[in-house]
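First up is the structure itself, then whatever we jot down about it.
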Amino acid sequence: MECPICNARDEDVLLQTDKLRVIAVHNEAHAPAFCRVIWQQHVAEMTDLSAVERNELMDVVYRVESAMREVFKPAKINLASLGNVVPHLHWHVIARFTDDAHFPAPIWAVPKRTSAVALPKDWPQQIKALIN
């Protein structure tokens, strides 16, 4: 099976190193403020990484969270590392708002309302500037 994370195309890359990349996710209809931190090497679990690599990955996850908090002023940030469908280590960093379609439920739950979230059009550039 071809890995869609290894073979991704047309990503909005905010940060890229030899070990990881950060992308802005624009195709989650009910999560308009969403970034993904992806470990470049194809591994499935955090314990597949060395302690140094785990620290490097989580440092970037925390930097993305901090930048998203500064740019969006959300009610909450959700961090998730699922990988149930694609066994390729990645973290979801999702800004949540009291008027998003699902709040306070997870973004993958049934929507409770129409989202009223308005974001700056240049939010990916603002996040990029803060994490680089």
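The values are calculated or read from the model by the stated rules, or taken from the named source; none is laboratory data. Quick caveat: nothing in here was measured; it's all calculated off a predicted structure. A quick note on method: Cβ atoms are made from the backbone with ideal geometry, for glycine too, and the neighbour counts reach across all protein chains shown. Surface areas here come from the heavy atoms of the whole protein model, side chains and all, with no ligands, DNA or RNA. Shrake-Rupley method; radii C 1.70, N 1.55, O 1.52, S 1.80 Å.
Compute the normalised compactness of the stretch 81-132: alpha-carbon radius of gyration over 2.2 N^0.38 Å, N being the residue count.
Dividing the Cα radius of gyration by 2.2 N^0.38 Å gives 1.41.
When the C-alpha atoms of the chain are aligned to their principal axes, what extent does each axis show, in angstrom, from largest down?
40, 32, 28
Taking all protein chains in place and a 1.4 Å probe, what share, in percent, of the accessible surface of the stretch 12-131 do carbon and sulfur account for?
Heavy-atom surface of the stretch 12-131 belonging to carbon and sulfur, 1.4 Å probe: 52 percent.
If the cut-off is a Cα-Cα distance under 25 Å, which lysines reach K128, setting aside same-chain residues fewer than 8 apart in sequence?
Partners found: K19, K73, K76.
How far apart, in nm, are the 7 Å Cα→Cβ label points at E45 and A129?
That separation, rounded to one decimal, is 4.2 nm.
Per-residue counts of other Cβ atoms within 10 Å, averaged by peptide: what ranking do you get for 2-13, 77-88, 17-28, highest first?
Packing order, densest peptide first, comes out as 17-28, 77-88, 2-13.
What is the sum of charges around N27, taking Lys and Arg as +1, Asp and Glu as -1, for the other residues whose C-beta is under 13 Å from the C-beta of N27?
My count for the surroundings of N27 gives -2.
Could you work out [θ]222 nm for the chain from helices alone, using -39500 (n - 2.57) per DSSP H run of at least four and dividing by all its residues? Round to the nearest 500 deg cm²/dmol.
Using -39500 (n - 2.57) per qualifying helix, the result is -7500 deg cm²/dmol.
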